[in-house]
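Visitor: Dropping a structure here in structure tokens format, bear with me for questions.
The values are calculated or read from the model by the stated rules, or taken from the named source; none is laboratory data. Predicted model only: the values in this text are computed from it and were never measured. We place every Cβ from the backbone using ideal geometry, glycine too, and count neighbours over all the protein chains shown.
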Amino acid sequence: MPATDHAADDRMADLQRAEQLVFERYGIAPQVRTLQLAEPRLRVRVLECGDGPPVLLIPGDGAVAAAWAPLVAELPGYRTIVLDRPCFGCGERFDYRGCELRPHGVAMLRSLLDALELDAAPIIGSSGGAQWSLWLAIDAPERVSALVPMGRPPCACPASGRAGSCGCSPRRASARCSRVCRPAA
């Protein structure tokens with residue numbers, strides 16, 4: 001195995017140890033599972049805590065699962081399921097280049113719910129995770145029983161197609177970017 005693979009493995013092990021320490025700080029011992037999704041065909045890592053009705057937590061771009069520990073600690077009586085999105089945190093690698101994010105995100109969240117054997121679930125999403133959650137709620141409303149988008153979901157200006165390029169302010173975001181959330185015709 002090349003030295004770079006060992007270094008990557010060491011970094012991942014360090015990240016997983018740090019993640020465990022963060023969850024322990026909040027008195028949480030998540031069960032870590034890897035699920036095979038049908039569409040897109042990839043494996044995802046989820047951290048599950050507690051018993052009760054499910055709540056799915058979708059982190060934003062670049063976020064790690066441990067960032068949800070403070071919220072998870074405040075949700076006793078729920079089965080919290082934290083997705084470690086591919087290519088972020090301890091998630092598996094995924095090359096997003098050339099990937100159409102909306103169909104990918106919707107398909108991935110649908111497949112995740114299927115793999116978790118959930119017909120629907122309340123979803124809390126942050127940033128890019130909120131964007132994916134909003135897309136799922138629009139394209140498959142029957143799969144989302146409640147939705148809490150946190151932070152400011154990214155937007156893509158319909159005129160340019162570049163994320164954040166429209167310069168939306170929170171006051172003007174709905175007027176300028178509402179077309180982004182509509183299903184493609």
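Visitor: With the requirement that a residue be crowded, with 16+ Cβ neighbours inside 10 Å, touching a residue at least 60 places away in the same chain (Cβ under 8 Å) and either over 18 Å from residue 40 (Cα atoms) or not assigned by TED's automatic domain parsing to the domain that holds residue 34 (or both), what does region 129-156 give you?
Guide: Once the filter is applied, which keeps residues that are crowded, with 16+ Cβ neighbours inside 10 Å, touching a residue at least 60 places away in the same chain (Cβ under 8 Å) and either over 18 Å from residue 40 (Cα atoms) or not assigned by TED's automatic domain parsing to the domain that holds residue 34 (or both), region 129-156 yields 130, 154.
Visitor: So, one more: From the list 165, 145, 174, which residue is at pLDDT 95 or above, polar (S, T, N, Q), over 17 Å from residue 39 (Cβ atoms) and out of contact with any His (no Cβ under 8 Å at 6 or more places or on another chain)?
Guide: Going through 165, 145, 174 in turn, just one is at pLDDT 95 or above, polar (S, T, N, Q), over 17 Å from residue 39 (Cβ atoms) and out of contact with any His (no Cβ under 8 Å at 6 or more places or on another chain): 145.
Visitor: Consider residue 110 carefully, then state whether it is modelled with pLDDT of 95 or more, out of contact with any Pro (no Cβ under 8 Å at 6 or more places or on another chain) and of a type in the set (Lys, Arg). Don't jump to the end; show me each part of the working.
Guide: Working: modelled with pLDDT of 95 or more: yes; out of contact with any Pro (no Cβ under 8 Å at 6 or more places or on another chain): yes; of a type in the set (Lys, Arg): yes.
Answer is yes for this residue.
Visitor: Would a scan of region 65-74 turn up a residue that is touching an Asp or Glu at 6+ places or on another chain (Cβ under 6 Å) and either exposed (fewer than 13 other Cβ atoms within 10 Å of the Cβ) or not charged (D, E, K, R) (or both)?
Guide: Taking every residue of region 65-74 in turn, at least one turns out to be touching an Asp or Glu at 6+ places or on another chain (Cβ under 6 Å) and either exposed (fewer than 13 other Cβ atoms within 10 Å of the Cβ) or not charged (D, E, K, R) (or both).
Visitor: On to the next question. Taking the conditions exactly as written (at pLDDT 85 or above and either touching a Gly at 6+ places or on another chain (Cβ under 7 Å) or exposed (fewer than 11 other Cβ atoms within 10 Å of the Cβ) (or both)), does residue 4 satisfy them or not?
Guide: No, not satisfied.
Visitor: Quick check: is even one residue across region 19-38 over 26 Å from residue 120 (Cα atoms), touching a residue at least 40 places away in the same chain (Cβ under 8 Å) and surrounded by fewer than 15 Cβ atoms within 10 Å (Cβ to Cβ)?
Guide: Checked region 19-38: at least one residue is over 26 Å from residue 120 (Cα atoms), touching a residue at least 40 places away in the same chain (Cβ under 8 Å) and surrounded by fewer than 15 Cβ atoms within 10 Å (Cβ to Cβ).
Visitor: If you don't mind, there's one more thing I want to ask. Check 92, 100, 74, 117 and return the single one that is more than 15 Å from residue 144 (Cα to Cα) and modelled with pLDDT of 95 or more.
Guide: 74
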